[in-house]
Amino acid sequence: MKLRKILLHTGLTVTILISVFFSALIWFNPAMLQHDSKETTDTGENTTSVSKKTLSDIFLPLQATYNVNDLQYQLPSSENYLIGKVWKIMKKWNSVSTSTKIYKNSTDYLTFLKQNNALLLNYNSPITVKVFNKVFTQKIEGLSKFKFNRIMIPLENENYIYLMNDQSKAVCKVVVNNMKAVKKIKTYLKSSSIQNNKLEIDYYVLNNRIINFYVNSVQLPKYSYLYNKTNISSYVSELLNPSGQTSITTKLQKNKTVYLDGSDNRLTLNDTTSAVQYENYSALDYYDDANSGKIKTQKLNYYTHLTESLNQLNKIGVAPDNLRFDEVNSEDGTVTYRSYIAGFPIISNDNYGTYKIKLMSTGGKEYNFSLNSLQVPVPASQYKQNLPSTYTVLRELENAGYTLSKIKDIRVGYKWQKNQSSNLVIDMIPTYYVYIDGRWSELEDLLSTN
């Protein structure tokens, strides 16, 4: 056992050194992995190639589910695994006409949602038809503001798809042509990689939100990555002093470093967690001298709100490849982008793998993100985490004293954990997260607290 342990640690060390070597090549020559870079940003100190994210990069569906034989399954659905393949097929379709129906109650809507022989591509928060047109290269007319969070593709019909809104129970039927490629989608679904990794689910209504509940216990793998910590100076330069002409003031507080530009911009670094908050409360663009100095307010439509949040994300400058549009906070409009691993989100209150963009009605804005980011994957053990069914989780929460009315969402996601063998490696551990009291909390923390 001792020899095996020594060999395991030696192998991991060698792998890390090799990964660091190639990572160094990438860090010192980013063009090696960014041949399609669209913009070069000069920070004043060095020149870095920055690839801007597009709607198609960020607004792909997050998850695929499959209805067959009166059962529902969640499918492995990373960008290049299934969703990316279906996206490439759908881009070749052409929309012809639309019609919309609103279901009167959840029962009828769920019956439609669970229909057999259908593939669904799902979002956590709605997008608009206008976003869909750009992401999927379509030309649906007259419904640009229609919001939906599911795309249903019937697999026994080659003439139409459905855009579905769980909240309003509205369904838009889109008649399309050139759908013969549905046969190719059916072939993907029959592959052993899909069949061997599908997870049985149930569409469960929890506080007016339809959630994927895992019917049985599930086993999910652990992943390991080298990680990188970006120097805060690059963000100070980009966000507070892009022209190189501003004097920056630095203040040290307990566990925090605050950078100020003397006007309305503030950058705060949590020295313990590496979480960053950028605040710009400037309302100069909305100050109206002609109206007695009153502050004008802006009310962005939903499409503009989403696209402008993406513009702000690009201003930060370093979004990872696996970053996706995740959700919109209904209370303050904050748009959250999360990193996804094998179709599951990284969830962290320290913003690891997460970017939050808040646009204010007076023109101000706020960013929350982390200096830490995942880089090169490294070989991990074959360890898999056993997770209980979601129904079991719900019973555990009730037994611990939590009321169902306070639980807004339940998800399986990955938590960020330092590797015990190497400070250069981060382990991604699958676990349950519960949205309660306005934040995501790990299930174990909730149960241990009570």
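The values are calculated or read from the model by the stated rules, or taken from the named source; none is laboratory data. Bear in mind the structure is a predicted one, so any value in this text is a computation, not a measurement. All Cβ positions, even for glycine, are placed from backbone atoms using ideal geometry, and neighbour counts span all protein chains on display. For the accessible areas, the whole protein counts, side chains as well, though only heavy atoms, and no ligand, DNA or RNA atoms are used. Shrake-Rupley method; radii C 1.70, N 1.55, O 1.52, S 1.80 Å.
Give me the net charge for the shell around Pro430: Cβ to Cβ below 10 angstrom, other residues only, Lys and Arg +1, Asp and Glu -1.
Working: positive: Lys222, Lys384, Lys415; negative: none.
Cβ neighbours under 10 Å give a net charge of +3.
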Open item on the list: I'd like the distance between the alpha-carbon centres of segment 76-107 and segment 392-433, rounded to an integer number of Å.
Closed with: 30
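Determine the sum of side-chain charges near Asp350: Lys and Arg each +1, Asp and Glu each -1, restricted to other residues whose C-beta is under 15 angstrom from that of Asp350. Show your work: numbers first, answer last.
Values: positive: Lys229, Lys256, Arg338, Lys356, Lys415, Lys418, Arg439; negative: Asp271, Glu442, Asp445.
In short, +4.
Could you state the accessible area per residue of segment 371-450 in Å², with a 1.4 Å probe and every protein chain left in place? Write out the running numbers ahead of the final one.
Details: 4020 Å² over 80 residues.
Spelled out: the 1.4 Å probe surface of segment 371-450, per residue, equals 50 Å².
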- [ ] Determine which residues of segment 112-139 fall in the zone a paramagnetic label at Tyr302 would reach in this model, i.e. backbone nitrogen under 19 Å from the point 7 Å along Cα→Cβ.
- [x] 113, 121-139
Task: Percent breakdown of C-alpha pair distances by 5 Å bin, ordered from the shortest bin, for segment 181-287 - done: 2, 8, 12, 11, 9, 7, 7, 9, 10, 11, 9, 4, 0
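In whole percent, how big is the carbon plus sulfur part of the accessible area of segment 328-430, probe 1.4 Å, protein atoms only? If you can, show how the numbers build up before the last one.
Values: 1870 of 4260 Å².
That share works out to 44 percent.
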Task: Highest average packing first - 399-406, 162-169, Cβ atoms within 10 Å - done: 162-169, 399-406
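So if each residue of separation counts as 0.36 nm, and I subtract the Cα-Cα distance between Ala181 and Asp264, what length gain in nm does that give?
On the way: separation 83, 0.36 × 83 = 29.88 nm, distance 5.31 nm.
Length difference between fully extended and current span is 24.6 nm.
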Open item on the list: Considering only C-alpha atoms, what is the centroid distance from segment 253-271 to segment 302-351, in Å?
Closed with: 23
- [ ] For Val425, enumerate residues with amide H under 5 Å from its amide H, sequence gap 5+ or separate chain, H modeled in the peptide plane.
- [x] Asn419
- [ ] Would you work out the charge dipole size for segment 124-172 about its Cα centre, treating the Cβ of every Lys and Arg as +1 and the Cβ of every Asp and Glu as -1, and quote it to the nearest 20 debye?
- [x] 320
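What fraction, in whole percent, of alpha-carbon pairs in segment 296-444 exceed 21 Å separation? Can you show the working numbers first?
Details: 5778 of 11026 pairs.
Considering segment 296-444, 52 percent of its Cα-Cα pairs are separated by more than 21 Å.
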Task: segment 119-224 - accessible surface per residue (Å², probe 1.4 Å) - done: 44
Open item on the list: Quick query: amide H of Thr362 versus all other amide H atoms, modeled in the peptide plane; which residues come in under 5 Å with a sequence gap of 5 or more or a different chain?
Closed with: Gln298
Open item on the list: Quick check: residue separation of Thr449 and Lys190 times 0.36 nm, minus the Cα distance between them. What number comes out in nm?
Closed with: 88.8 nm
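With only Lys, Arg, Asp and Glu charged, each at its Cβ (+1 for the first two, -1 for the last two), find how big the charge dipole of segment 93-206 is about the Cα centre; round to the nearest 20 debye.
With only Lys, Arg, Asp and Glu charged at Cβ, the dipole is about 300 debye.
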Open item on the list: Quick check: pseudo-label points 7 Å beyond the Cα along Cα→Cβ at Ser144 and Glu158, how many nm apart are they?
Closed with: 3.3
Task: Whole-percent carbon and sulfur share, accessible surface of segment 108-255, 1.4 Å - done: 43
TODO: Using a Förster distance of 56 angstrom, determine the FRET efficiency expected from the C-beta separation of Leu71 and Lys418, and round it to 0.05.
DONE: 0.90
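Students sometimes get this wrong: rank Trp416, Trp440 by accessible area, probe 1.4 Å, all chains present, largest first. Mind showing how you got there, number by number?
Working: Trp416 40, Trp440 15 Å².
Putting Trp416, Trp440 in descending order of accessible area: Trp416, Trp440.
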Task: Computed label-point distance, nm, for sites Thr392 and Asn208 using a 7 Å Cα→Cβ extension - done: 3.3
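Using a cut-off of 9 Å between beta-carbons, work out the net charge of the residues near Asn368 (Lys and Arg +1, Asp and Glu -1, Asn368 not included). Kindly include the intermediate steps, with their values, before the conclusion.
Working: positive: Lys356, Lys358; negative: Glu366.
Computed value for this residue: +1.
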TODO: Return the long-range amide H neighbours of Gln375 (sequence gap of 5 or more, or a different chain), with a cut-off of under 5 Å between placed amide H atoms.
DONE: Leu226, Tyr227, Asn228
